[in-house]
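The block underneath contains the structure these notes are about, expressed in structure tokens.
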Amino acid sequence: MYSDYAENFREGVTHMKAISDFFVGIWHIISTAQIMDILDILLVAFLIYKVIGMIRSSSTARIGKAIVMLVLLFWITGVFKLHVFHYMLDKVLELGLLSLVVLFQPELRRAVERMGSTNFKELLTPKEKNKEITNVISQVVTACDIMSRERVGALMVFERTSRLDEYFKTGTVIDGRVSEQLIRNIFFTNAALHDGAMVIRNGRIAAAGCVLPLSKNHQISADLGTRHRAGLGISEVTDAVVVIVSEETGTISVATSGMLKRHLAPQTLSRLLTNELAPEEEPKRSFMSYLKGSKDGKGGNNEE
């Protein structure tokens, strides 16, 4: 019995020493890091963030999954000594870099173009960007309110992190400032682009008349037409926020993550779009205020 306790104690001491050595090593790295080291880490993190954002689009994600499967197969064939298959995968992966450059040529070109056209003033003034998004939301809500009363159908897609480039090919590139008048002109009943979807990117109307994938959910209401099914469909495969105005009833709906919120008033639509596209940052609480709130029984995670 005593020997078991002694053995457990020795194992505990060994684990504690390993944990202590780990944190000591981390502290040593942090304390000896130079400015260029920190800059190097930040640049790598930024690159990884951009790559993740690039592969989140539906078409690119499929390619990414295929690459992961190839790497996994390469590892498995090496472990089980499947020499011929392993050799073939090795040759495929050798050509992988060139293949990736070819496959992602449009995305890489857009990334380079965006870097060249980046306005550093905008990066340093996020409040101006939030103000621009608020103005876009205001114009969209005003247009939806009028189109709802006039029974004019509309389908507007706000692009977020998931790229919608593959749907641009099905429509017409506009690249215009978002305004209530332009939105209503595009969705006017006799307009050439009124049947398709409008894509709003970076606060501008990027394209209109776009064809979107229909929802594959067979449990949605039977009274929903093609416009609502297309709005739900694009929200199922991307993180876009979709605004839909019904041509038959004039009701305003919003689709996000495959969920549809219907019969929205203009005020509700404005609040919902603001929460999704320009959420306000929660004010930071000081440590003393947190302690004070806890003492009063209102701090921590307690809810009334």
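The values are calculated or read from the model by the stated rules, or taken from the named source; none is laboratory data. Just so it is clear, the model here is predicted, and its values are computed rather than measured. As a convention, Cβ positions derive from the backbone with ideal geometry for all residues, glycine included, and neighbour counts pool all protein chains shown. Side chains are part of the model used for accessible areas, which takes the heavy atoms of the whole protein and leaves out ligands, DNA and RNA. Shrake-Rupley method; radii C 1.70, N 1.55, O 1.52, S 1.80 Å.
Of all residues in the stretch 201-236, which are open to solvent by 50 Å² or more (accessible area, probe 1.4 Å) and in a strand (DSSP E or B)?
Scanning the stretch 201-236 gives a single hit, 204.
Do we have residue 247 as of a type in the set (Asp, Glu) and either under 17 Å from residue 143 (Cβ atoms) or crowded, with 22+ Cβ neighbours inside 10 Å (or both) here?
Taking the combined requirement at face value, the residue satisfies it.
Among the residues of the stretch 119-173, what is the count of those that are part of a helix (DSSP H, G or I), at pLDDT 90 or above, more than 20 Å from the chain's Cα centre (by Cα) and not charged (D, E, K, R)?
Total meeting the criteria: 11.
Within the stretch 178-200, how many residues are in contact with a helix residue (DSSP H, G or I) (Cβ under 9 Å, 6 or more places away or on another chain) and not in a loop (DSSP other than H, G, I, E, B)?
Here the count works out to 9.
Search the stretch 157-172 for residues being open to solvent by less than 50 Å² (accessible area, probe 1.4 Å) and touching a Gly at 6+ places or on another chain (Cβ under 9 Å), and hand back the single one that is farthest from residue 210 (Cα to Cα).
Top of the filtered list is 162.
Residue 175 fails exactly one of the following numbered conditions: (1) at negative phi; (2) free of Cβ contacts under 8 Å to residues at least 40 places away in the same chain; (3) surrounded by fewer than 16 Cβ atoms within 10 Å (Cβ to Cβ); (4) charged (D, E, K, R). What is the number of that condition?
(1)
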